[in-house]
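Working notes for the structure below.
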Amino acid sequence: MLAGGGHTHALVMHRWAMNPKLKPAGMITLVNNSSTTTYSGMYPGVVAGKYNIEEILIDLRNLASKAGVSFVMAEIEGIDPENKKLFLTGRPEIKYSLLSLNIGTKTNFNSKSLIRSDKDLAVPIKPFLKSYKFIVDQDIHKDDPFAKPFVIVGGGFAGIEIAFSLRKRWPKRPIVLKIKSRKKLRKKIFKYLKDLNIDITEKDPSVLYPTLICTGNKSFKWIKNSCLPINKDGRVLTKKTLQVINYPELFAVGDCGIIKDYPRPSSGVWAVRSAKPLARNLERM
């Protein structure tokens, strides 16, 4: 069972589609909440207008078919690692003999933290298709220097990259980057932001401004309730083999998993790099 259609599982299926002899015998099923997934590394390029959104969508259903993998479109809502069951919303549970988790994460965002907030005006960066629609809806103000500022919350690489991308998309619209501390911002990046007329603030802007939340990732609640070993960020702890500690028949990769003694940030880069070792270990199992 491949739970989640993240970058790692997409590349594993690509490997089996290109080399059918490598694919393990028996039924293999991919479960994902949609038939496509967004390649996150190209998303800022979409925001900037360099690519169309269709160019960065991976067709999981088609890829699974070419790899000889069954596809089930369903929302995963829980796992019972002791009895080897995966629970799905509105569908019967699925039993597995071997399971790999690649479900990603969601934006670390709590709408309750926004006082008097209008939820339609504050949108998390993930899921990408939802945030992209939000950005497209704001295109009507792209050439208006007197429009309400568009606010990006988050001074990490994601927030900064989206700020640059939006300035490319909207040459004249006011853009504000909300960060925790200017001291953590590199001088060169600070200069680039100022040169592009992107305002920087440490104060909370008006919640009546359209706001994109880029404040890092957090695990899904069902992962935290799964009784699996997790770290302080809710990521599943694994061995170097990508097998979950104490559960050799369970693997975890991408943003939802982390090698215990070799911590890495949650990033698509590490998800891509883990594809080959995951595929080889699944084949060996």
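The values are calculated or read from the model by the stated rules, or taken from the named source; none is laboratory data. As the structure is a computational prediction, the values presented were derived from the model and not from experiment. Note that each Cβ is placed from the backbone with ideal geometry, even for glycine, and that neighbours are counted across all protein chains shown. Quick note on the areas: whole protein, heavy atoms, side chains included, nothing else; ligands and nucleic acids left out. Shrake-Rupley method; radii C 1.70, N 1.55, O 1.52, S 1.80 Å.
Summary of computed values
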{"quantity": "Condition broken by I58, with the remaining ones in (1) aliphatic (A, V, I, L, M); (2) under 19 Å from the mean Cα position of the chain (by Cα); (3) part of a helix (DSSP H, G or I) satisfied", "calculated": "(3)"}
{"quantity": "Residue count, region 246-285 (criterion: open to solvent by 40 Å² or more (accessible area, probe 1.4 Å) and either of a type in the set (V, I, T) or touching a Phe, Trp or Tyr at 6+ places or on another chain (Cβ under 8 Å) (or both))", "calculated": "4"}
{"quantity": "Candidate set: region 233-277, residues that are in contact with a Gly (Cβ under 8 Å, 6 or more places away or on another chain) and among the charged types (D, E, K, R); chosen: the one nearest to M13 (Cα to Cα)", "calculated": "D255"}
{"quantity": "Unique match (being within 24 Å of the chain's Cα centre (by Cα), within 30 Å of K221 (Cβ to Cβ) and open to solvent by 60 Å² or more (accessible area, probe 1.4 Å)) among N108, N102", "calculated": "N108"}
{"quantity": "Scan of region 215-235 for residues that are within 20 Å of P265 (Cβ to Cβ), out of contact with any helix residue (DSSP H, G or I) (no Cβ under 6 Å at 6 or more places or on another chain) and open to solvent by less than 10 Å² (accessible area, probe 1.4 Å), ordered by number", "calculated": "S219, I223"}
{"quantity": "Condition met for I162 (out of contact with any Asp or Glu (no Cβ under 9 Å at 6 or more places or on another chain), of a type in the set (A, V, I, L, M) and in a helix (DSSP H, G or I))", "calculated": "yes"}
{"quantity": "Scope region 140-153; condition out of contact with any strand residue (DSSP E or B) (no Cβ under 7 Å at 6 or more places or on another chain) and either part of a loop (DSSP other than H, G, I, E, B) or within 16 Å of V176 (Cα to Cα) (or both); matching residues", "calculated": "H141, K142, D143, D144, P145, F146, A147, K148"}
{"quantity": "Members of region 1-42 found to be open to solvent by less than 10 Å² (accessible area, probe 1.4 Å) and part of a strand (DSSP E or B), listed by number", "calculated": "L2, A3, L30, V31"}
{"quantity": "One residue from K203, K191 being open to solvent by 30 Å² or more (accessible area, probe 1.4 Å), charged (D, E, K, R) and assigned to a loop (DSSP other than H, G, I, E, B)", "calculated": "K203"}
{"quantity": "Selection within region 147-188 - farther than 17 Å from D204 by Cα, open to solvent by 90 Å² or more (accessible area, probe 1.4 Å) and in contact (Cβ under 8 Å) with a residue 24 or more places away in the chain", "calculated": "E161, K168, K172, K184"}
{"quantity": "Identity of the residue in region 177-198, of a type in the set (D, E, K, R) and within 23 Å of T107 (Cα to Cα), that ends up farthest from the chain's Cα centre (by Cα)", "calculated": "R182"}
{"quantity": "Failed criterion for R91 (all others in (1) open to solvent by 50 Å² or more (accessible area, probe 1.4 Å); (2) free of Cβ contacts under 8 Å to residues at least 24 places away in the same chain; (3) more than 26 Å from S226 (Cα to Cα) hold)", "calculated": "(3)"}
{"quantity": "Complete set of residues in region 215-246 that are at pLDDT 90 or above and part of a helix (DSSP H, G or I)", "calculated": "W222, I223"}
{"quantity": "Boolean, L212 is open to solvent by less than 30 Å² (accessible area, probe 1.4 Å), within 17 Å of A48 (Cα to Cα), part of a helix (DSSP H, G or I) and of a type outside the set (G, A, S)", "calculated": "no"}
{"quantity": "Out of I56, I79, sole residue that is more than 21 Å from L22 (Cα to Cα) and touching a Leu at 6+ places or on another chain (Cβ under 6 Å)", "calculated": "I79"}
